[in-house]
Number of protein chains: 2
Amino acid sequence: MKASPPLTLQGQGSFFVGGDVEKIKTEYLTSPDYAGKIMTDQMYVQFQLPEKTNKQFPIVFMHGCCLTSKTWETTPDGRMGWYEYFTRKGFKTFMAEQVGRGRSGFDPTRFARVNAGDAPNTDNPNILVATDRFAWNVFRWGDYETKTPYPGQRFPMQTVGVGENAGYSFYKQVIPDLNATLSDAASPDCNGGTCTPIEPDAPYNSPDNLARLSNQLDGAILVGHSQSSSFPTRAALRGAAKTVKGIIQLETGCFTNLTADHIKILKKIPILIMVGDNYTVPQPTPACVTMRDQINGAGGDMTFISLPAIGIKGNSHMFMQDTNNLEVADVIIDWIKQHVAKDRRG
Amino acid sequence: MKASPPLTLQGQGSFFVGGDVEKIKTEYLTSPDYAGKIMTDQMYVQFQLPEKTNKQFPIVFMHGCCLTSKTWETTPDGRMGWYEYFTRKGFKTFMAEQVGRGRSGFDPTRFARVNAGDAPNTDNPNILVATDRFAWNVFRWGDYETKTPYPGQRFPMQTVGVGENAGYSFYKQVIPDLNATLSDAASPDCNGGTCTPIEPDAPYNSPDNLARLSNQLDGAILVGHSQSSSFPTRAALRGAAKTVKGIIQLETGCFTNLTADHIKILKKIPILIMVGDNYTVPQPTPACVTMRDQINGAGGDMTFISLPAIGIKGNSHMFMQDTNNLEVADVIIDWIKQHVAKDRRG
């Protein structure tokens, strides 16, 4: 770890949003003497407020598959992450942890049902485990078999076992994904990286909690990444149409099944979709072209930025951790300044 | 959430300690196309460094059962927690998350083995779930059936559904405990709150990682609570004898089976055991009396503080969140000043 230049905070802390109190069957408990209720589906939120805030709305980051809010903290090779950088840039900065991961916890009931013999072993919720091969492919580092990164790869490859002083520090932030345990929505079935789509406004645990958070903050810019890339849009469609002030979808979350009612909401919210380099398919994808045409055709404001197309080359799927992560952050901040209304109450 | 007075940090961030790279059987993966290796048993550590540090060694907090590092952050009713308070008091402050919880992740292999039909359903690792009844009893709030807190109860009971504006915000930080999935050590079998003891120097995942952290910091004061209360002592006995500079065990972690070799190590390290109010058994317990006699009889420095015995009444098991949590923190800081050597390199 490296010391950073001093950072003065007006406040810091954490809290929860959402959550349901459920009774759990006594025989599912390891301590049957303690029959009672448990909490599930709550979402953990961590925040810091800079001493000198800018006039923008607060920004909320949500991580992707098999990761936690660690995504936005210190990079695997020890550099400053976006949580600190956006704070230094004057944003009230929040990190929301997906329900089913990290400090948000998960619903243990289905596992316990199998233990108790009330359900067959095949009813254990699927735990999504991201292997090193998964990471090389989905995070677009290069060729897994030969461990050859793409030319000019910006990810700190020494943290995934390539190059001098190679280690595995990146993999330590990859943890099992328990989204399949959740009650509110089936986890998308993402075998092989291809997910079965969920309707834009279907009940969905983490987006619903993001909507609650946005309303509680009375205005926020929501950022999703990868697995959660569609969640800011879902939050806007799930009860936070008036308080989601900006939508930022990092790789990628474009919808092809928006209705007229959805577009009526989304055309009022500035939307940024951003992708990195080394995609095997042309960018923007047909889904993103469709969504942009629908939104902008209705008078909305959706921007698609491919980093290599604006001269920033070599970025992986994890550009918040790439060696040029602060340069990429600046592209986002510039977009916010140009597209998102300022907080007049600020 | 409340804004606090400004806090200036010299640095902040997070990193991991420990971890093993394992190959996972392809049939255990939800994405069989991504056969490869996974990381398990790593420990997530979050830290902040005050601009003006005191001369004490860094302090490391580890939470208890069914909780995460959230334990030390903002209290359920929105007051300052110990993570921020110790930083404000000049400590380089670290929070280490138990392996099997939160951002440290867990080992999914045994669940996957059951899913694949390679093991019977009863082989699912037990998930320890803390119900509301568990919390009322183990955290010593009062009578669960009538929801009557002990007189003078210091825990913010409005966060557990008692009193005006009652909610359930405390329970949101209670998440399922996956320690039983870990590879290095069997989790203590704690049915009904009575745990089968593990030898003081047995291989044990989180204490081993605490030892690594202490060595990496080249000197640290380790704080354990409840389930982890014995972990600082275990860390000292598991390879960090020279770098553990102070041991603080909050409720309680006393050993009755220390050998002469253990005592030779522990007599060189100042030890504080601290308990709150409303215990049904006299304090110190025979185990703590035995340990204190052994350590101090050998020329060591072990202190036992019962808060009510020094005039601080009404504290629950969760005194880092009680309404007088900063007063309790000051008792600990005073003990550190009086007993723990200062960091001459500071």
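All of the numbers you see were taken from the coordinates with simple rules; none came from a lab. What you are looking at is a predicted structure, and each value in this text was computed from that prediction instead of being measured. All Cβ positions, glycine included, derive from the backbone under ideal geometry; neighbour counts span all protein chains shown.
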Quiz item: Which one of A:Y150, A:V21, A:S214 is farthest out on the positive end of the charge dipole of chain A, using unit charges on Cβ (Lys, Arg +1; Asp, Glu -1) and the Cα centre as origin?
Solution: A:S214
Quiz item: If the cut-off is 30 Å between C-alpha atoms, which lysines fall inside it for A:K23, apart from same-chain ones fewer than 8 positions away?
Solution: A:K37, B:K70, B:K147, B:K172
Quiz prompt | Within straight-line cross-link reach of A:K89, aspartates and glutamates at Cα separation under 14 Å, skipping those fewer than 8 residues along the same chain | solution = A:E51, A:E327, A:D330, A:D334
Quiz prompt | Prolate/oblate/rounded label for the protein assembly as shown (Cα gyration tensor, a/c 1.5) | solution = prolate
Quiz item: Where is the GNM fluctuation largest for chain B (alpha-carbon springs, 10 angstrom cutoff): B:T148, B:T40, B:T159?
Solution: B:T148
Quiz item: Nearest 20 debye, what's the magnitude of the dipole of chain A about its Cα centre given +1 on Lys and Arg Cβ and -1 on Asp and Glu Cβ?
Solution: 1120
Quiz item: Residue separation times 0.36 nm, minus the C-alpha to C-alpha distance between A:D330 and A:D261: what's the value?
Solution: 21.5 nm
Quiz item: Using alpha carbon centroids, what distance separates the stretch B:151-167 and the stretch B:1-64, in Å?
Solution: 32
Exercise. Kindly give Rg over Rh for chain B, based on alpha-carbon atoms, with the Kirkwood expression for the hydrodynamic radius.
Key: 0.97
Self-check item: Largest to smallest principal axis extent of the C-alpha atoms in the stretch B:249-346, angstrom
Solution: 40, 39, 18
Exercise. Return the distance in nm (one decimal) between the two label points of a simple spin-label model at B:E199 and B:K23, each offset 7 Å from Cα along Cα→Cβ.
Key: 3.1
Self-check item: Gained length - A:D293 relative to A:D33, 0.36 nm times residue gap less alpha-carbon distance
Solution: 87.7 nm
Quiz item: To the nearest 500 deg cm²/dmol, what mean residue ellipticity at 222 nm is calculated for chain B from DSSP H runs of n ≥ 4 alone, each contributing -39,500 (n - 2.57), summed and divided by the residues?
Solution: -6000 deg cm²/dmol
Quiz item: How much length, in nm to one decimal, is gained on full extension between A:D118 and A:D218, taken as 0.36 nm per residue of separation minus their Cα-Cα distance?
Solution: 31.6 nm
Self-check item: Max mean-square fluctuation residue, GNM over chain A, Cα-Cα springs under 10 Å, options A:L128, A:L178, A:L272
Solution: A:L128
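For the stretch A:1-128, compute Rh as the Kirkwood radius over C-alpha pairs and then the Stokes-Einstein diffusion coefficient at 4 °C and 1.567 mPa s; write the answer in µm²/s, rounded to an integer.
It diffuses with D of about 75 µm²/s by this estimate.
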Practice problem: Work out the length of the dipole vector of the stretch A:242-346 about its Cα centre, built from +1 on the beta-carbon of each Lys and Arg and -1 on the beta-carbon of each Asp and Glu, and round it to the nearest 20 debye. | Solution: 620
Exercise. Normalise the Cα radius of gyration of the stretch B:107-260 by 2.2 N^0.38 Å (N = residues in it) and let me know the number.
Key: 1.25
Quiz item: Whole number please: convex hull volume per residue of the Cα set in the stretch A:1-68, in Å³?
Solution: 196
Quiz item: When A:I247, A:I305, B:I127 are ordered from fewest to most other Cβ atoms inside 10 Å of their Cβ, what list results?
Solution: A:I305, B:I127, A:I247
Quiz item: Suppose every K and R has +1 on its Cβ and every D and E has -1 on its Cβ; what is the size of the dipole of the stretch A:232-284 about the Cα centre, in Debye to the nearest 20?
Solution: 420
Exercise. Whole Å is fine, so just give me how far the alpha carbon centre of the stretch B:73-148 lies from that of the stretch B:272-346.
Key: 23
Quiz item: Pick from A:P50, A:P108, A:P286: which residue has the top mean-square fluctuation in a GNM of chain A where Cα pairs under 10 Å get a spring?
Solution: A:P286
